[in-house]
1. Can you tell me the length gained on complete extension of the stretch Leu87 to Ala58, counting 0.36 nm per residue apart and subtracting the Cα distance?
2. What number, in percent, do you get for the relative contact order of segment 47-95 if the mean sequence gap of Cα pairs under 8 Å and at least 6 apart is divided by its residue count?
3. Per-residue counts of other Cβ atoms within 10 Å, averaged by peptide: what ranking do you get for 81-94, 49-62, highest first?
4. Ordered by residue, what ³J(HN,Hα) values in Hz, to whole numbers, does segment 46-51 give under the Karplus form 6.51 cos²θ - 1.76 cosθ + 1.60, where θ = phi - 60° and Gly and Pro are x?
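Just so it is clear, none of the values below were taken in a lab; they were calculated from the coordinates. Source: prediction; values computed, not measured. Using ideal geometry, Cβ is built from the backbone for each residue, glycine included, and neighbour counts are taken over all protein chains shown.
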Amino acid sequence: MVAARFTTSRAGTDRPATAQAGLVLALPKLSWHGGMMEQQPGQSSRAGGAIIAFTIIAGAVIGNHFGQASVGVVGGIALGVLAAVGLYMVDRRRG
């Protein structure tokens with residue numbers, strides 16, 4: 001087993017055998033990592049994923065009521081994506 005080699009430790013140590021042998025298991029955090037993901041202060045964005053999820057579920061429930069659950073899901077996806085794109089456009093215009 002290859003994975004077991006990275007998890008077992010030598011007797012009397014707390015580190016894996018590969019870490020003691022000088023093998024690097026992960027790269028260090030680079031200075032550019034995450035720089036673009038930080039949100040600027042004062043600029044809050046709205047999440048469209050929750051709206052998409054809610055409209056899919058609501059579409060399935062409404063579609064099930066009329067005997068067409070899959071049509072309701074497709075309609076929920078379409079309505080949710082339109083709402084999420086609308087929120088995205090409003091957020092872009094704000095800042």
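1. Taking 0.36 nm per residue and subtracting the Cα distance, the gain is 8.5 nm.
2. This gives 41 percent for segment 47-95.
3. 49-62, 81-94
4. 9, 8, x, x, 5, 5
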